[in-house]
Amino acid sequence: DRIITAPLPYFARFLSYPKKKVLQYKKGLILLHQYNHLSPGAKVEQILRGFYDPIEVLEKLGIEIIGIKVGGETILQTLGLHGNYFEYHGRRIPIFSGYRSFPDVALQADLIVGSYSTSIIEAGLLGLDYYLYSPPALECATPSLHYTIDSIIRISRTPEELYQNIHDRQPYHDGHSVADLVDLESFSSEGQLCEKFSSTLANIEKQHPRNY
């Protein structure tokens with residue numbers, strides 16, 4: 001009947017990374033839509049729009065695109081993309097794949113544009129602004145997505161909104177930040193975070209015992 005929050009041990013890996021201080025947006029990274037969020041109703045063109053639009057917006061803003069990041073090879077095969085680069089209007093944009101490599105790739109950029117993903121949190125913990133781009137056509141085809149973060153994050157649903165949010169450096173609504181999604185400020189080590197997580201689970205079990 002109530003929500004109990006606890007820091008996930010997964011995010012402990014970000015405690016060892018110093019937060020990047022970005023004074024100016026010079027380089028951008030684009031994250032491709034997560035494959036597990038897609039439904040059979042999502043058309044390839046709708047998915048591709050998820051990084052066609054950011055490419056054009058970043059170019060208009062004079063921001064260099066260092067590459068496109070994907071979690072795995074499956075989504076690339078689905079879209080008919082092969083190799084380690086994506087060709088767009090005669091330009092070759094590098095493609096980075098893999099989950100564990102996110103911090104190393106992300107820290108080469110000054111901002112990130114992507115869809116709904118835990119990378120929103122991961123980028124914030126690294127000190128990077130993450131701009132959430134979700135075109136209406138793709139949202140309609142992805143009913144599994146939840147919009148509870150709409151009150152925290154400025155979701156861009158058109159290229160114009162994305163341009164304006166990046167131009168104004170406003171990935172979040174006023175008064176909000178990544179701390180509204182996960183707060184690691186009170187932890188200085190992975191051990192502390194895991195201990196907090198374990199004690200939270202123990203308290204839940206104590207208050208609501210199950211009969212196995």
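The values are calculated or read from the model by the stated rules, or taken from the named source; none is laboratory data. All figures in this text were calculated on a predicted structure; none of them were measured in a lab. For neighbour counting, all protein chains shown are included, and Cβ atoms are generated from backbone atoms with ideal geometry for every residue, glycine included. Ligands, DNA and RNA are excluded from the accessible area calculation, which covers all protein heavy atoms including side chains. Shrake-Rupley method; radii C 1.70, N 1.55, O 1.52, S 1.80 Å.
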Test Ile75 against the criterion of being under 24 Å from Phe187 (Cα atoms), of a type in the set (A, V, I, L, M, F, W, C) and modelled with pLDDT under 65, and give yes or no.
-> no
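Farther than 22 Å from Tyr172 by Cβ, exposed (fewer than 14 other Cβ atoms within 10 Å of the Cβ) and at pLDDT 85 or above, is that true of Glu64?
yes
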Give the residue that is modelled with the lowest pLDDT, with candidates limited to residues of the stretch 14-33 that are open to solvent by less than 40 Å² (accessible area, probe 1.4 Å) and not in a strand (DSSP E or B).
-> His33
What number of residues within the stretch 85-113 satisfy the criterion of being modelled with pLDDT of 90 or more and either open to solvent by 20 Å² or more (accessible area, probe 1.4 Å) or within 16 Å of Leu61 (Cβ to Cβ) (or both)?
-> 7
Across the stretch 175-204, which residue is farthest from Ile153 (Cα to Cα) among those that are charged (D, E, K, R) and surrounded by 10 or more Cβ atoms within 10 Å (Cβ to Cβ)?
-> Glu195
